[in-house]
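Read through the structure below, which is laid out as structure tokens, and then see the notes.
The values are calculated or read from the model by the stated rules, or taken from the named source; none is laboratory data. Everything numeric here is computed off the predicted structure, so don't read it as measured data. Here Cβ is always computed from backbone atoms with ideal geometry, including for glycine, and neighbour counts include all displayed protein chains.
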Amino acid sequence: MTFIPYGRQDINQTDIDAVVDVLKSDFITQGPAVPAFEQAIADYTRSQFCIAVNSATSALHLACMALGVASGDTVWTSPITFVASANCARYCGADVDFVDIDPDTFNLCPVKLRDKLKKHAAEDLPLPKVLIAVHMAGQSCAMKQIHALSLEYGFRIIEDASHAIGGRYLNEPIGQCTYSDICVFSFHPVKIVTTAEGGALTTNNAELAKVLSQLRSHGITRDQDDMLVKQSLDGDWFYEQQALGFNYRMTEMQAALGLSQMQRLDEFVERRHSLVKDYRELLGNLSLLLPDCADDYYSAFHLFIVRVPQGSEVRKRLFEKLRNNNIGVNVHYIPVHFQPYYQKLGFRKGQFPAAESYYDGALSLPLYPSMTRDDQQAVVDVIYQFFDELRR
Ligand SMILES: *Cc1c(COP(=O)(O)O)cnc(C)c1O
């Protein structure tokens, strides 16, 4: 029996040819493919600047640095996310705190955010310097409300849109940064489009774009206009290291693959929507809770997350049943504050009840563009069998 994963890349001959062309060219890093890929993302998202990097984790780190996150600062994010959304603040020496989720969207809840800001302001508790809004499963957070709070309380906003390229919010492409300072994408193979490993940042702030692209490459600039010490320009070879940056660059092969994948981005997301529609029909008669999507939100559907209302014990048995039938279901995510690293920082179970009760029932069913109707039927058949057995 073939294995059906929860997510996987879709690579065609055009993608392969694009990568091979780069391998035969003069530049396999720091050539023309990275700027071309960046331009394609900026065009697609209707943002002014795009900076491609070697992972979304690197992108989140640079985004925090560029916004000045440092020791003594606090960054808030959702407990239902991949650990990288919180770790990026720790790389900068900052503290992390979480805002509980909305149980309907699985995203950071704007009402709980407002209440927490109010409480922290009143009781002289730490307020966030930056809030990282994670677009869970590909559906945007309520950015308008979050943005309004950012103006009131003076924090900056990073969108972690690792799941969400190709999605829209209020009819604007996610990544346009209308309600944020910086938006981050991931191109890991399970995400919407892939570069194997890779990530990107979009922004409309020219100063941030400059800082981000310097930090991506050692904090170095070669642009004469940006030199801090004008007279030190000894010759055309000259460069200045102005900050402590990293080597977070993307290769030309990755960028060529990404550029080729971008041609099919809309197709990928439409295919995901079509599979979700079929899942809704096929699973509608079961007690499983299916995800909701309000009108203003066009999800990229990175994940199709159902919830098992009977809770963690039944979810575990369904997970095992599917895995035993070669179906690669998964759970997104273990609440970040449950991780031993975060427990050591003082977080405790019980602190974010909506996230914790979401976690008890969540299960990500397979969803990827090349998934066939037969694959989907195989998944659904096992789920029906499971609930038949449960009733007996
Ligand atoms: C995948 C993911 C990341 C990290 O992406 P990488 O490109 O693997 O570094 C960060 N945040 C979220 C929400 C993710 O799903």
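If you take the residues of region 170-192 that are within 16 Å of the ligand (Cβ to nearest atom) and over 14 Å from GLU38 (Cα atoms), which of them is surrounded by the most Cβ atoms within 10 Å (Cβ to Cβ)? Filtering region 170-192 for residues that are within 16 Å of the ligand (Cβ to nearest atom) and over 14 Å from GLU38 (Cα atoms), the one surrounded by the most Cβ atoms within 10 Å (Cβ to Cβ) comes out as ILE182. Within region 293-322, residues that are assigned to a loop (DSSP other than H, G, I, E, B) sit with their Cβ atoms under 6 Å from residues that are away from the ligand (no atom under 16 Å from the Cβ) and hydroxyl-bearing (Ser, Thr, Tyr), at 6+ positions apart or across chains, in these pairs: PRO309/SER287. Candidates are the residues of region 42-60 that are near the ligand (Cβ under 8 Å from one of its atoms) and crowded, with 24+ Cβ neighbours inside 10 Å; the one that is farthest from LEU170 (Cα to Cα) is SER58. If you scan region 361-371, which residues turn out to be out of contact with any Lys or Arg (no Cβ under 7 Å at 6 or more places or on another chain) and either surrounded by fewer than 20 Cβ atoms within 10 Å (Cβ to Cβ) or assigned to a strand (DSSP E or B) (or both)? Result: SER364, LEU365, SER370.
Just to be sure, is LYS321 under 27 Å from ILE132 (Cβ atoms), away from the ligand (no atom under 16 Å from the Cβ) and not assigned by TED's automatic domain parsing to the domain that holds MET136? Spell out the reasoning first.
Numbers: under 27 Å from ILE132 (Cβ atoms): no; away from the ligand (no atom under 16 Å from the Cβ): yes; not assigned by TED's automatic domain parsing to the domain that holds MET136: yes.
Answer is no for this residue.
Going through (1) buried (at least 17 other Cβ atoms within 10 Å of the Cβ); (2) polar (S, T, N, Q); (3) over 28 Å from VAL306 (Cα atoms) one by one, SER140 falls short only on (3).
Across region 61-98, which residue is nearest to the ligand (Cβ to nearest atom) among those that are on the phi < 0 side of the Ramachandran plot and without any contact (Cβ under 8 Å) to a residue 24 or more places away in the chain?
Within region 61-98, the first condition is being on the phi < 0 side of the Ramachandran plot, and the residues that meet it are 61-67, 69-71, 73-92, 94-98.
Checking the rest, the ones that are also without any contact (Cβ under 8 Å) to a residue 24 or more places away in the chain come to 71, 90.
On the way: SER71: 23, ARG90: 14 Å.
Out of the qualifying residues, it is ARG90.
Kindly establish whether ALA36 is surrounded by 24 or more Cβ atoms within 10 Å (Cβ to Cβ), modelled with pLDDT of 95 or more and small (Gly, Ala, Ser). Let's see the steps before the verdict.
Details: surrounded by 24 or more Cβ atoms within 10 Å (Cβ to Cβ): no; modelled with pLDDT of 95 or more: yes; small (Gly, Ala, Ser): yes.
It is false that ALA36 is surrounded by 24 or more Cβ atoms within 10 Å (Cβ to Cβ), modelled with pLDDT of 95 or more and small (Gly, Ala, Ser).
Every residue, every condition in (1) crowded, with 16+ Cβ neighbours inside 10 Å; (2) at pLDDT below 95, yes or no:
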position	(1), (2)
SER213	yes, no
MET227	yes, yes
GLY235	no, yes
ARG307	yes, no
